[in-house]
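*Asks:* Okay, handing you the structure first.
The values are calculated or read from the model by the stated rules, or taken from the named source; none is laboratory data. Only a predicted model underlies this, so the values are computations on that prediction, with no experimental measurement involved. Methodologically, a virtual Cβ is constructed for each residue, glycine included, from the backbone with ideal geometry; neighbour enumeration extends over all protein chains shown.
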């Protein structure tokens, strides 16, 4: 039996997390000499998904909501012995819905490949990154939803056989509209995030934060107090009850590092903290720290990074 | 309007997390338990709805008797009655099935959960519950308005927002934005006094073991000590980020 993997797209383009999902499915499938079935609504040649490990690619008109897609994947799962879904905002609704429909055991917030396949054991984040749980899933129809960007995977090519199918999608939920900021790096998917807090003193000072983000190709974010007082939109608030991120690089400017903030960012691979207060708790969670005034350090850092980019 | 608010009983955000000596469970010693922060937004939203259009708010938890103080606190904040399903669930699907059984035997117009609980961080129960009930579902919900049996819900999606419409009953996975943090209700003395006499029903569990089980828990590897870089020498930071961290 095969591993079924959901390939999410946005406006007809594969999401980056989808390639990770296919590579994850390939790694898992290979442990038991299985194949990978990738399910996508994108009509594109097989090459790209095959490059990440898709053996069969089912192109199908997928619904626009988690419940709608869950019903379709349930039908396709008859051909599979396990399912992989990236933990994107859609995936985080889809995986549990599908688990309820298929009675499949589910691991979300997964941060490892299977440690063993019989029984199936995995590691997942718990207690707001203060704990790691090893979980065991029943073998009926295990579903793994992993944290994007948490597992480095080397792609292994698959066979890439294409097929189209039609399965109708049903959901009582009607989508009235979707709005996605264009031209900006989406925060949950960003590889680098530049985040600032009350140390910036006012919303008019965010120009240099955006400049720093621009140089790094990073998304901008902010602390909770900053979104609560309306300096920045709520959609930029990272931390517990805001958006949780785990980029390769997280730069915190003028954020003291309250535990609620750390809960949403501490899974980031490299953390840089700039703060005037050498006692700021965030330094304890950081890899690199600079004690200094943001208004002096950030422009210098922008210049140094520009010089580095120009030289490399 | 009959509203059910699902309440998780979780370690306080600032709690130090330790596991039992054999590593198979959370060690509750010294841990303060609270209403899951995501659920607080749902509870206050339910109070706003009740105040605007009348109704009854029931809070529910699937857990052992130790979760009752958390349910009492929800009653003190303003819920009308509480239900505890007496179980020690080991996974989300078991919780979702217990909730489904309760909901099927009663009748609710709106079911509000927090999008996730801050203990096991699964983000599983709300979507599972909606799928089991075959009801519409809006996750990461940051805005909800009700008009004559129709709900308009705004949800965070990657990089933006989506707005949905559905007929009630429906299930919400809520978070900050459902109400503003400054509007969150906290118990006052009158609420605490009246909570003592509000009904808290204990119902027996109906489900058996689920398909997943925790094997062990560990703490993440400690981070190496922070490397401080002089504020006058940001080139050194750039070098470290490139050569050592390989982050740029």
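*Asks:* Scan region A:182-200 for residues that are part of a loop (DSSP other than H, G, I, E, B) and in contact (Cβ under 8 Å) with a residue 24 or more places away in the chain and jot them down.
*Replies:* Result: A:184, A:185, A:186, A:190, A:191, A:197.
*Asks:* What number goes with the only condition from (1) facing another protein chain (nearest Cβ under 8 Å); (2) without any contact (Cβ under 8 Å) to a residue 24 or more places away in the chain that residue A:311 does not pass?
*Replies:* Just one mismatch for residue A:311, condition (1).
*Asks:* Which numbered condition trips up residue A:15, out of (1) touching a helix residue (DSSP H, G or I) at 6+ places or on another chain (Cβ under 9 Å); (2) more than 22 Å from residue B:158 (Cα to Cα)?
*Replies:* (2)
*Asks:* Every residue in region A:298-308 that is at the interface with another protein chain (Cβ under 7 Å from one of its Cβ atoms) and either without any contact (Cβ under 8 Å) to a residue 24 or more places away in the chain or within 26 Å of the chain's Cα centre (by Cα) (or both), please.
*Replies:* Once the filter is applied, which keeps residues that are at the interface with another protein chain (Cβ under 7 Å from one of its Cβ atoms) and either without any contact (Cβ under 8 Å) to a residue 24 or more places away in the chain or within 26 Å of the chain's Cα centre (by Cα) (or both), region A:298-308 yields A:300, A:304, A:305, A:308.
*Asks:* Right, something else. Residue pairs, Cβ under 9 Å, 6 or more apart or interchain, first in region B:87-115 and surrounded by fewer than 24 Cβ atoms within 10 Å (Cβ to Cβ), second assigned to a helix (DSSP H, G or I) and modelled with pLDDT under 95. List them.
*Replies:* Close Cβ pairs satisfying both conditions: none exist.
*Asks:* Hey, another quick one. If we scan region A:213-222, do we find a residue that is in a loop (DSSP other than H, G, I, E, B) and either crowded, with 20+ Cβ neighbours inside 10 Å or assigned by TED's automatic domain parsing to the domain that holds residue A:43 (or both)?
*Replies:* Yes - at least one qualifying residue is present in region A:213-222.
*Asks:* Another question, then. Any residue in region B:224-236 that is surrounded by 13 or more Cβ atoms within 10 Å (Cβ to Cβ) and more than 16 Å from residue A:273 (Cα to Cα)?
*Replies:* No, that holds for no residue.
*Asks:* Please state which one of A:174, A:163 is without any contact (Cβ under 8 Å) to a residue 12 or more places away in the chain and either over 19 Å from the mean Cα position of the chain (by Cα) or under 25 Å from residue A:64 (Cα atoms) (or both).
*Replies:* A:174
*Asks:* Also: Counting residues that are within 7 Å of another protein chain (Cβ to nearest Cβ) and over 15 Å from residue B:39 (Cα atoms), which strands (runs of 3 or more DSSP E) fully inside region B:96-162 reach at least 1?
*Replies:* Ranges flagged: B:137-147, B:150-157.
*Asks:* Identify the single condition in (1) touching a residue at least 24 places away in the same chain (Cβ under 8 Å); (2) more than 7 Å from chain B (Cβ to nearest Cβ); (3) under 29 Å from residue B:173 (Cβ atoms) that residue A:294 does not satisfy, given that it satisfies every other one.
*Replies:* Result: residue A:294 passes all but (3).
*Asks:* Still on this structure: Output the number of residues of region B:216-232 satisfying the condition of being more than 7 Å from chain A (Cβ to nearest Cβ) and either in contact with a strand residue (DSSP E or B) (Cβ under 9 Å, 6 or more places away or on another chain) or within 30 Å of residue A:142 (Cα to Cα) (or both).
*Replies:* Selection size over region B:216-232: 2.
*Asks:* Looking at (1) within 26 Å of residue A:151 (Cα to Cα); (2) without any contact (Cβ under 8 Å) to a residue 40 or more places away in the chain; (3) within 21 Å of the chain's Cα centre (by Cα), which is the one condition that is false for residue A:273?
*Replies:* (3)
*Asks:* Out of all the residues in region A:141-158, is one or more buried (at least 19 other Cβ atoms within 10 Å of the Cβ), on the phi > 0 side of the Ramachandran plot and more than 10 Å from every other protein chain (Cβ to nearest Cβ)?
*Replies:* yes
*Asks:* So in region A:130-139, with the set limited to residues that are assigned to a strand (DSSP E or B) and over 21 Å from the mean Cα position of the chain (by Cα), which one is surrounded by the fewest Cβ atoms within 10 Å (Cβ to Cβ)?
*Replies:* A:136
*Asks:* Hey, among the residues in region A:106-129 that are in contact with a helix residue (DSSP H, G or I) (Cβ under 7 Å, 6 or more places away or on another chain) and over 18 Å from residue B:118 (Cβ atoms), which one's surrounded by the most Cβ atoms within 10 Å (Cβ to Cβ)?
*Replies:* Ranking the candidates gives A:106 first.
*Asks:* Could you pull out the residue among A:89, A:27, A:93 that is within 14 Å of another protein chain (Cβ to nearest Cβ) and under 23 Å from residue A:152 (Cβ atoms)?
*Replies:* Testing whether each residue is within 14 Å of another protein chain (Cβ to nearest Cβ) and under 23 Å from residue A:152 (Cβ atoms) leaves just A:89.
*Asks:* Output the residue which, of all residues in region B:237-248 that are in contact with a strand residue (DSSP E or B) (Cβ under 7 Å, 6 or more places away or on another chain) and closer than 23 Å to residue A:129 by Cα, is surrounded by the most Cβ atoms within 10 Å (Cβ to Cβ).
*Replies:* If we take residues in region B:237-248 being in contact with a strand residue (DSSP E or B) (Cβ under 7 Å, 6 or more places away or on another chain) and closer than 23 Å to residue A:129 by Cα, then B:247 is surrounded by the most Cβ atoms within 10 Å (Cβ to Cβ).
*Asks:* Of the residues that make up region B:73-82, is at least one over 12 Å from the mean Cα position of the chain (by Cα), in a strand (DSSP E or B) and crowded, with 18+ Cβ neighbours inside 10 Å?
*Replies:* yes
*Asks:* A further question follows. I'd like the full set of residues that are touching a helix residue (DSSP H, G or I) at 6+ places or on another chain (Cβ under 8 Å), more than 18 Å from residue B:7 (Cα to Cα), within 11 Å of chain A (Cβ to nearest Cβ) and surrounded by fewer than 20 Cβ atoms within 10 Å (Cβ to Cβ), limited to region B:184-215.
*Replies:* B:209, B:210
*Asks:* Applying the selection to region A:143-159, what residues are under 25 Å from the mean Cα position of the chain (by Cα) and part of a loop (DSSP other than H, G, I, E, B)?
*Replies:* Matches in region A:143-159: A:147, A:148, A:149, A:150, A:151, A:152, A:153, A:154, A:155, A:156, A:157, A:158.
*Asks:* Can we say residue A:228 is under 27 Å from the mean Cα position of the chain (by Cα), closer than 20 Å to residue A:200 by Cα and at the interface with another protein chain (Cβ under 7 Å from one of its Cβ atoms)?
*Replies:* The answer is yes for residue A:228.
*Asks:* Could I ask something else about it? Please enumerate the residues belonging to region B:164-215 that are in contact with a strand residue (DSSP E or B) (Cβ under 7 Å, 6 or more places away or on another chain) and without any contact (Cβ under 8 Å) to a residue 12 or more places away in the chain.
*Replies:* none
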